[in-house]
Each structure stands twice: as C-alpha cells, then as structure tokens.
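The values are calculated or read from the model by the stated rules, or taken from the named source; none is laboratory data. The structure displayed is predicted, hence computed values, not measured ones. Neighbour counts run over all protein chains shown; Cβ positions are idealised from the backbone, glycine included.
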C-alpha cells in the first residue's frame, strides 16, 4: 500500500507540471488560425496574398467574412482564402490562393483572354450541375451554403483568373447565378451575368503587392523564367476544369471553384 502511494506521487508531479505548462504556454499547445488572404475594408474586399486586387461591394450585395483552409489539387498543396458577395440568387465568389510548395505551376493560358475593369484576366463560362454531396464535400461551396447561398442544384458561372508572375499565387473571381429549373433560359441568365460583370469595379494596389505583377502569365513568365518550361503546368480549378503589360497604378475607372476535400 505504501509503495503504491509513493509511486503515485511522481505521476502527480508530472501531471501538475503539464497542467502549468499548458496554462503558461498555450500558444505551444493550440494551433494558431491561418492568417487570411482576404479582408473586408469598408465597402471593399482586399486581397493581401501578393495580388493586391480590391473589389468594391456592389449595391445590394452583402459580404461574408473570409475563411481560410488548406487544400490539395493535382497533387499540389494550396493555402486558400475565400469570401463572397451575395444577393439573393447571385454570388460573386472571391478566391485568393497560394501554392505552398512554390512549384510555380499555376497556368490558365488555355482559357480565353479578357479584361475586367481594364485589368487582364483569363476567363470562361459554364453551367455546373451539383448535388448535395458535391457541395458538402467542397470547403468553399460548403462555406457559401452555410452563409445562405447554395450552388446546388445548378448554377451558371463566369470566372476570371489571374496569377502572379512566378506562378505561385492566384486571384479568382466567380460570378454565378443560380438556375432554378432545367428549362430556364440560359441566354437570359447569361445576359444577367454579363450585366453584373460590367458593374464590377476592381482596383489594384501595388504598394501592398511589391513582389508580383498580375499578368496573363504563361507567355510572359516563361520568357522570364525559362526553367519553368520543363515544369508541368496546372490549373488550380479542379471543379470547373474541364495585351500588353499594364502600369501598376490604381485603377480610377468608375467603378468571381474550387473545391476542397
């Protein structure tokens, strides 16, 4: 009996020490949340991950708080922050993402070139049909659903992509309008999306993005970083896969998915 009591005391000491260690050094025991790549500032949502685009929140839309997570696409690790501007059956989703392995392989040059608020982007449009399981298994779509916008059962999308010159960061805007029935006229839906696209007001802040130039990257980047020729290129958009350089100055024109397992 005495031996058991004596043997128990050292364990009590160690348990007490661990308890005090947790109290005194909580930061070593609790994982810190990831710093988001997007932040809401007044009537805008600003990207701070190296591509400092700022989108004005259109009248009647509400912005949802950014959330961050880690994901893996095409065997590459990504750090992702998403936010969205929502109005009834319409969404402007914002993705700010970085490749964590610094492989420099982001590429959207297979898409059509366009401009948005005068800035060069790659773009495509598509109708996407999704069931409940697809939405719930995608971190971004699930977050949008939690904030009262469900991509299921169908949605019409117009997406805009741009990457950093080193191919490690990207900024994606997805303008989406829900399709209520199979017989709904897609032409009228597309017209509404185009009207909203024309109302998008983007700015770019080079002071918050000193190391990147947001350009349509492949042709320019490969001429600068010839070693990338040997690297496989990827799009960072598995769910929806299927001009000239411009001066880095604030755009004063009058003034949006990715899935994760």
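Going by the structure shown, is residue 60 at pLDDT 90 or above, in contact with a strand residue (DSSP E or B) (Cβ under 7 Å, 6 or more places away or on another chain) and not in a strand (DSSP E or B)?
Here the answer is yes, as residue 60 does meet what is asked.
Just wondering, is there one or more residues in segment 93-102 that are buried (at least 18 other Cβ atoms within 10 Å of the Cβ) and modelled with pLDDT under 90?
No - not one qualifying residue is present in segment 93-102.
If a residue has to be crowded, with 16+ Cβ neighbours inside 10 Å, over 12 Å from the mean Cα position of the chain (by Cα) and closer than 20 Å to residue 138 by Cβ to count, how many in segment 50-75 make the cut?
Of the residues in that region, 2 qualify.
Somewhere in segment 126-140, is a residue buried (at least 17 other Cβ atoms within 10 Å of the Cβ), in contact with a strand residue (DSSP E or B) (Cβ under 6 Å, 6 or more places away or on another chain) and either at pLDDT 95 or above or under 19 Å from residue 61 (Cα atoms) (or both)?
Within segment 126-140, one or more residues are buried (at least 17 other Cβ atoms within 10 Å of the Cβ), in contact with a strand residue (DSSP E or B) (Cβ under 6 Å, 6 or more places away or on another chain) and either at pLDDT 95 or above or under 19 Å from residue 61 (Cα atoms) (or both).
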